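*Asks:* Questions regarding the structure given below will be posed in turn.
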Amino acid sequence: DTAVSQTPKYLVTQMGNDKSIKCEQNLGHDTMYWYKQDSKKFLKIMFSYNNKELIINETVPNRFSPKSPDKAHLNLHINSLELGDSAVYFCASSQAGNPYEQYFGPGTRLTVT
Amino acid sequence: AQSVTQPDIHITVSEGASLELRCNYSYGATPYLFWYVQSPGQGLQLLLKYFSGDTLVQGIKGFEAEFKRSQSSFNLRKPSVHWSDAAEYFCAVSSGAGSYQLTFGKGTKLSVIP
């Protein structure tokens, strides 16, 4: 039983394309997150989202947008992909009242050529 | 703004040896502190956390960490390393008070010699 799952695991695409990464959690959590891990393994939060509030890291370009069809899903849409978007993207979730204990998905490695 | 420094990029230890991974944080008040482990090709798993109280916290897989306010440190320790502990270890801090954001250090890669 996978707690936090992401698809696809690998994504290779060309500059200028639009792509989406899907995330699902079956933990009953109500807050979800997207993180970006660069080539130097530096992990940085991009978004946190619950059914009431979207918090965006101010450094994230507006080409990135989270979409949540329901509490169990938080998808990441990326428009006009750039070379610098190549990274591993992690989805995570946490329980109401305990946002500090986050459960991570296995990651999606995005390569932009 | 809060920040985390992990001074060691890569550490190699022999199996059975003790381990200490260093973490220093910068934050004005008492932070919430965490250690996560990332095995190759996997997501991050929470090892342990410190919110308040006893400064020595126990985690999963035999790990422990000690919060030292005077040194702004939260070092991770294990008395006897197993080959399966080879992974990337990340220290993280949150300002608490309802903040959802974790700020991570750049990680320390642990290699274990059989």
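*Asks:* So which lysines can B:Lys61 reach, going by Cα to Cα under 16 Å and dropping same-chain residues fewer than 8 places off?
*Replies:* B:Lys49, B:Lys78
*Asks:* Count neighbours as other Cβ atoms within 10 Å of each site's Cβ, and list the trypsin sites (Lys or Arg not before Pro) in the stretch A:1-44 that are DSSP loop with at most 11 such neighbours.
*Replies:* Answer in residue order: A:Lys40.
*Asks:* Here's another thing I want to ask about it. Name the most mobile residue of A:Gln37, A:Gln102, A:Gln14, meaning the one with the largest mean-square fluctuation, in a Gaussian network model of chain A with Cα contacts below 10 Å.
*Replies:* A:Gln14
*Asks:* Kindly rank B:14-20, B:52-58 from highest to lowest mean number of other beta carbons found within 10 Å of each residue.
*Replies:* B:14-20, B:52-58
*Asks:* Any of B:Lys68/B:Lys106; A:Lys9/A:Lys67; A:Lys9/A:Lys44; A:Lys40/A:Lys71 with alpha carbons more than 24 Å apart? Name them for me.
*Replies:* Over 24 Å apart, Cα to Cα: A:Lys40/A:Lys71.
*Asks:* Which one, A:Asn62, A:Leu83, B:Ala65, projects farthest toward the positive side of the charge dipole computed for the protein assembly as shown from Cβ point charges (K/R +1, D/E -1)?
*Replies:* The Cα lying farthest towards the positive end belongs to A:Leu83.
*Asks:* Any idea how far the Cα center of the stretch B:1-79 sits from the one of the stretch A:1-58, in Å?
*Replies:* 24 Å
*Asks:* Further question on the same structure: If the only charges are +1 at each Lys and Arg Cβ and -1 at each Asp and Glu Cβ, what is the size of the charge dipole of the protein assembly as shown around the Cα centre, to the nearest 20 debye?
*Replies:* In debye, rounded to 20, the protein assembly as shown gives about 260.
*Asks:* Under 5 Å between amide hydrogens, which residues at least 5 positions from B:Asp8 or on another chain qualify, with H placed 1.01 Å from N in the peptide plane?
*Replies:* Residues meeting the amide H criterion: B:Arg22.
*Asks:* Same structure, new question: So what's the stretch B:23-62 giving for Rg/Rh, alpha carbon basis, Kirkwood Rh from the mean inverse pair distance?
*Replies:* Taking Rg over the Kirkwood Rh, I get 1.02.
None of the figures in this text is laboratory data; all of them are computed from the coordinates on show. Because the structure is a prediction, the values reported are computed rather than measured. Virtual Cβ from ideal backbone geometry, glycine too; neighbours counted across all protein chains shown.
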